[in-house]
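Report on the structure given below.
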Amino acid sequence: MTDEITKRIVAKYLRKGNMARCLRDILPSSNLTKEKREIVAETIHTIVRWKKLYDQIMDDQHIEKTPEHYIQLAQNGAHNEHHNYSFEYQYSCSDYVAHLLSKKKEWAEYLNTQPPATLCVNFNKSTISEVKTILNNENLSADPSKLKTALLSTSLVRFSSVITNKYAHIMDENSQLIATITAELGDTIFDVCAGNGGKSLAIASLTKNTKKVHAYELNEKKRAKLEKRCNEYNATITIEQTIPDRLFDVVLVDAPCTGIGAARRNPEAKYVENVGDFPKIQLDILNQSIRNVKDNGYLIYAVCTFTPEETEQITKNFLKEKSFKLVQTEHLPHADILIKTKHGAFTNVPNGDIFFIAVFKKNVLKDG
């Protein structure tokens, strides 16, 4: 039964792409146990993670590219014998991504590892101690993180009662770091690209609803989901239906991006061929967000990618004609877990996605 479900998912992925959707369309109705579902999901992730290499192996050996053969290569660990191939096959990524990673081999290796499941504990309903106790009683691991909001566990934690009771939600460590930095820079906070609200919920949890958090998401369905999650998590967050005409201490722009830094969780991101329209979209959102920042307030730009066009170049372009200055990394909260660059920083919590962050402070122009 497990093999048949795996074949169905691989076949659909080969036809249509979008690994996450293929898993969502088939696994929940498969009647497999949660343990077997996780085995299937891990196999699918392995196949997608190493697909470019597997394709080359099958071409070299004149093997037909069937679901069965992809599964066989994954189960036999064919990716462990990749050292004779060129870089883009060794690390199974597009030529574009291979070029970016050619001087960052440690990142290339890191992006092909399986991440732990990371919890963001909801301090409005529970505590670290309580969540750890529940996980231990459910025979699930609860390892500490460098962040006080986070606990590391296995993929099975998504079935835990701590999730169903909203004592925590699944959230990458470095994503939690971005939320933590945001929370510590001011008392009124606006999350411009809130999505389903992970960072807004983390800020509300970390501050125990003591700060005024506002969130906006362009997608109406995601906005409605965020509102529902706020109620479930006891999070006091004002959901904006449009961009508000008011000023905040901190404006967070967690912008849409190529997502290559999250390739451990979404290995398809390693195969992007270029940045597309993302830099224009990112710069447009930053420029639009200026009007919501108070004098001496902060504008935070964050993306889970490392392409120069979406990171350093965005910072340089934004600073050309604007009344903002870049805050140096050493002056930011938690600078010890950031890797400084010339125009920002990369997050460096050991188990998290690779995020770029740039923090800008609004200058106050003095008369005369």
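Computed from the coordinates by the stated procedures, all read-outs in this text should not be read as laboratory data. Please read all numbers here as calculations on a predicted model, not as lab measurements. Virtual Cβ from ideal backbone geometry, glycine too; neighbours counted across all protein chains shown.
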Mind checking the stretch 245-311 for GluC sites (Glu not before Pro) that DSSP puts in a loop (not H, G, I, E or B) and that have at most 16 other Cβ atoms within 10 Å?
E273
The stretch 182-261 - percent relative contact order, Cα under 8 Å, separation 6 or more
41 percent
Nitroxide proxy distance, nm - points 7 Å out along Cα→Cβ at N76 and K105:
2.7 nm
With the dipole of the chain worked out from charges on the C-beta (+1 for Lys and Arg, -1 for Asp and Glu) around the Cα centre, which of S92, Y301, N76 lies farthest toward the positive end?
Y301
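Counting only C-alpha contacts under 8 Å and six or more residues apart, can you give the relative contact order of the stretch 2-85 as a whole percent? Show your work: numbers first, answer last.
Values: 52 pairs, mean separation 27.6, N = 84.
Contact order relative to length: 33 percent.
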Using every pair of alpha-carbon atoms in the stretch 61-131, split the distances into 5 Å bins beginning at 0 and state the percent of pairs per bin, rounded to integers.
3, 12, 15, 16, 13, 11, 7, 7, 9, 4, 1, 0
For helix 51-60, what angle does its Cα long axis make with the longest principal axis of the chain, in degrees from 0 to 90 and rounded to 10?
30 degrees
Charge dipole magnitude, Cβ of K and R +1, D and E -1 - the chain, Cα centre, debye nearest 20
860 debye
Residue-count net charge about I285 - beta-carbon cut-off 13 Å; Lys, Arg +1, Asp, Glu -1:
-4
Around Q176, with a cut-off of 13 angstrom between Cβ atoms, what is the net charge of the other residues, counting Lys and Arg +1 and Asp and Glu -1?
-2
Can you list residues whose amide H is under 5 Å from A168's amide H, if they're 5+ apart or on another chain and H is modeled 1.01 Å from N?
N122
Counting every Cα pair in the stretch 2-85, what percent are over 20 Å apart?
30 percent
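Could you tell me which of rounded, prolate or oblate describes the chain, using a ≥ b ≥ c as the square roots of the eigenvalues of the alpha-carbon gyration tensor, with rounded for a/c under 1.5 and, failing that, prolate when a/b is larger than b/c and oblate otherwise? All intermediate terms of the calculation are to be shown ahead of the outcome.
Numbers: a/c = 2.05, a/b = 1.38, b/c = 1.48.
Oblate, because a/c is 1.5 or more while a/b does not exceed b/c.
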Filter the GluC sites (Glu not before Pro) in the stretch 60-130 to those in DSSP coil with at most 12 other Cβ atoms within 10 Å of their Cβ, and list the result.
E64, E81
Stretch L319-I163 to full length: gain in nm at 0.36 nm per residue minus the Cα-Cα span?
52.0 nm
For the stretch 173-362, what is the relative contact order in percent, using Cα pairs closer than 8 Å and at least 6 residues apart in sequence?
23 percent
How big is the gap, in Å, between the Cα center of the stretch 166-243 and the Cα center of the stretch 297-368?
20 Å
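Taking the Cβ of each residue in S160, S129 as the centre, tally the other Cβ atoms inside 10 Å and list the residues starting with the fewest.
On the way: S160 22, S129 10.
By the 10 Å Cβ count, ascending: S129, S160.
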Diffusion coefficient, µm² s⁻¹, Stokes-Einstein with Kirkwood Rh over alpha-carbon pairs of the stretch 107-194 at 20 °C and 1.002 mPa s
153 µm²/s
C-alpha center-to-center spacing [the stretch 67-93, the stretch 1-58] in angstrom
16 Å
Taking the Cα centre of the stretch 1-134 as origin and charging only Cβ (+1 Lys, Arg; -1 Asp, Glu), how large is the dipole, in debye to the nearest 20?
620 debye
Taking Cα atoms, how many degrees apart are the long axis of helix 173-183 and the longest axis of the chain, rounded to 10 and kept between 0 and 90?
10 degrees
I'd like the orientation of helix 2-16 relative to the chain: the angle between its Cα long axis and the longest Cα principal axis, in ° from 0 to 90, rounded to 10.
60 degrees
Orientation-averaged projected area, Cα convex hull of the stretch 173-362 (nm²)
10.2 nm²
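Using a cut-off of 13 Å between beta-carbons, work out the net charge of the residues near K225 (Lys and Arg +1, Asp and Glu -1, K225 not included). Show your work: numbers first, answer last.
On the way: positive: K221, K222, R223, K228, R229; negative: E217, E220, E227, E232.
So the environment of K225 carries a net charge of +1.
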